[in-house]
Ligand SMILES: O=C(O)c1cc(C(=O)O)c2c(n1)C(=O)C(=O)c1cc(C(=O)O)[nH]c1-2
Ligand SMILES: [Ca+2]
């Protein structure tokens, strides 16, 4: 088909098909009667002492990602070699932390497809495709990703992107039960996060604050799927009774004249949780406001609890116990959903049970996890929205950061640190943060209306609610990616490593004094955890965003990483010219398997020859921001991520843009349907902006590849 040019091939249609077709030949004998039956709370606690298996998302209930294994160490890591690779058959972002129990790895690819792999051979045991309708693609803000599964008493739990929580038989992959976590079929709720199982309850939150969701978290009985409790994170319609005292208290911090409940208010729990069995408290990280702009959401101001907070809940009942708000009155998509780590440390001479947290807002927090009391906060990246935190734990906000005048907010909405997992090495007292900056300027937009396509408001055409205009001011800060080793007690950076680009993978640290991390430019790297010296690296097929794991089988320590470029930054931008399907890489000392052949990313020629009217370029640009930007990037400037850059698309594709926008040419790949949302006249303007921008890039000496969002 002529329209399917080089750029579009990348979208691929091979999801799970690839592994399926190999199913018979890939199977290897496994005693399935013994799989994962032993995994329960006691096991997870016991395993934390040895780290032999990797039974839950963050390795242990404290989510430390610190492995006690030391067979692979700074002494021999240089001899690390490939044991096997496994093709996940996906072309979109792979964000999963794999779990390994009883010699089987459970890992997810994009579109929530689960793969069970025999770790001894690297061969497939089974796959499960929840068949997420591709029309759900446009409901997610940030790529059709999944961060992994939970395993408990012989079952595997996965959150499907369309909002279903599904239980599978760990031995066969057969579906045992399925529950819809959404409140209604037209809800914008998705699931991208990994479930956790605490005390026999499968616990999961949702994504969707951008699309106008009231955040909540739900617990289901692991064996039956019965819903046990649900806790909302922000108050609902004030004409209805409060669900609980926590909502009554929270409502006092919201201005009802903003009618926030119509846009849900936000506060989604789309990623992080942790559990302290001794305190019987579970912790959740609560997300940003909907819309982003507080002036639109709550015109008289207010802290808007429990946005941007860590909240402690009783895992038995879902009852609120305490909260600490990191970003009062969030205005910039400053989620607190980044991974939390529970640690015990001595602060000012006293032993403290703490939570370590590096949320999007750029500050590193140490919080007392018994009562939520603030201990300290210090910025780990440059910030320009607050000068610091006072003794009570309140940020000292700087003027102008909520205004209608375009302002380069630092960190931007991509965060000084996003969902890419942090790890904490208690032996060294260091946390390893995948830190970054992605420049963006924002301005409050008084014209915001719930779910209205307003040119210039990012992605409002597919239902985003930011209440903010994008751009308008040149950004000055440089984008960066930086691995930071942070001492939480002294609140001080100990070492750092600059990376090629923002959006690098999560980290793993080990008793072998190592930190492992994959990078945006397609490498898997081991550093000396004490000083940041690079000890080993291997190229992998594309940019890495997920976090590595390590485990021991038959007396041998392995390291694995799921590779697949994407996520919200990686949809439109890239830092490598390689392109490969989602792939699991497993390494072992002395491993001799050959690296797979890496594909080359075919960028295509800069677009030329699409006729347009110059006066349509500027209005087309505003429409582009509100419909296309976060998926396709700046035409001719960004290089394309796991979705194509339209400035390098084939001429026929842009000349026939209607086929994509209205006729569903890419619907099977998850592209939203713009019928009834855009007019033919709008599409004419979009073409003008795309070709006009490509033409102006051509007029420049060299196309800059720097992220512009
Ligand atoms: O507010 C939300 O509900 C929500 C959900 C998600 C998600 O579910 O992935 C992301 C975000 N926000 C977000 O702000 C963000 O930066 C982000 C990045 C990613 C990703 O997977 O790359 N997801 C999300
Ligand atoms: Ca968000």
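Values quoted throughout were computed directly from the atomic coordinates according to the rules given, and no laboratory measurement underlies them. Here the structure is a predicted model, which is why all the values come from computation and not from measurement. Cβ: placed from backbone, ideal geometry, glycine included. Neighbour counts: every protein chain shown.
A simple packing score, the average count of other Cβ atoms within 10 Å per residue, orders the peptides 567-577, 296-306 as 567-577, 296-306, with the highest score first. Among 523, 632, 357, the order by Cβ neighbours within 10 angstrom, fewest to most, reads 523, 632, 357.
Each Cα pair under 8 Å and six or more residues apart adds its separation to the average, and for the chain the resulting relative contact order is 14 percent.
One quarter of the surface of the convex hull around the alpha-carbon atoms of region 323-409 equals 6.0 nm², the direction-averaged projected area.
What do you get when you divide the Cα radius of gyration of region 427-515 by 2.2 N^0.38 Å, with N the number of residues? Here the Cα radius of gyration is 1.56 times the empirical estimate. Under conditions of 20 °C and 1.002 mPa s, region 37-149 yields 135 µm² s⁻¹ as its translational diffusion coefficient, taking Rh as the Kirkwood radius over Cα pairs in the Stokes-Einstein equation. The mean sequence separation of alpha-carbon pairs under 8 Å and at least six residues apart, normalised by the residue count of region 612-706, gives a relative contact order of 44 percent. What the Cα convex hull of region 102-255 gives, in volume per residue, is 121 Å³. Based on alpha-carbon atoms, the Kirkwood radius and the radius of gyration of region 461-579 give Rg/Rh equal to 1.05. Multiplying each eigenvalue of the alpha-carbon gyration tensor of region 216-368 by 5 and taking the square root yields semi-axes of 26, 20, 13 Å, largest first, rounded to whole angstroms.
Counting every pair of alpha carbons in region 352-470, the share spaced more than 17 Å apart comes to 64 percent. Counting only the Cα atoms, region 224-311 fills a convex hull of 117 Å³ per residue. Between the alpha-carbon centres of region 220-240 and region 44-101 there is a gap of 32 Å. Normalised by the number of residues in region 549-645, what is the relative contact order in percent for Cα pairs under 8 Å and 6+ residues apart? RCO, region 549-645: 37 percent. The orientation-averaged projection of the convex hull spanning the C-alpha atoms of the chain amounts to 27.8 square nanometres. As a rough footprinting exposure proxy, the listed residues 693, 509 were ranked by other beta carbons within 10 Å of their own, and the order from fewest upward is 693, 509.
Highest average first, the peptides 460-466, 502-508 ordered by how many other beta carbon atoms sit within 10 Å of their residues are 502-508, 460-466.
From largest to smallest, the equivalent ellipsoid semi-axes obtained for region 612-706 from the alpha-carbon gyration tensor read 21, 16, 11 Å. Packing, as the average of other Cβ atoms within 10 Å across residues, places the peptides 491-498, 35-42, 285-292 in the order 285-292, 35-42, 491-498, highest first. Our Cα-only numbers for region 537-611 put the radius of gyration and Dmax at 16.5, 65 Å.
P(r) tail for region 33-96: Cα pairs beyond 15 Å make up 66% of the total. Of all DSSP bridge pairs formed entirely within the chain, close to 95 percent run antiparallel.
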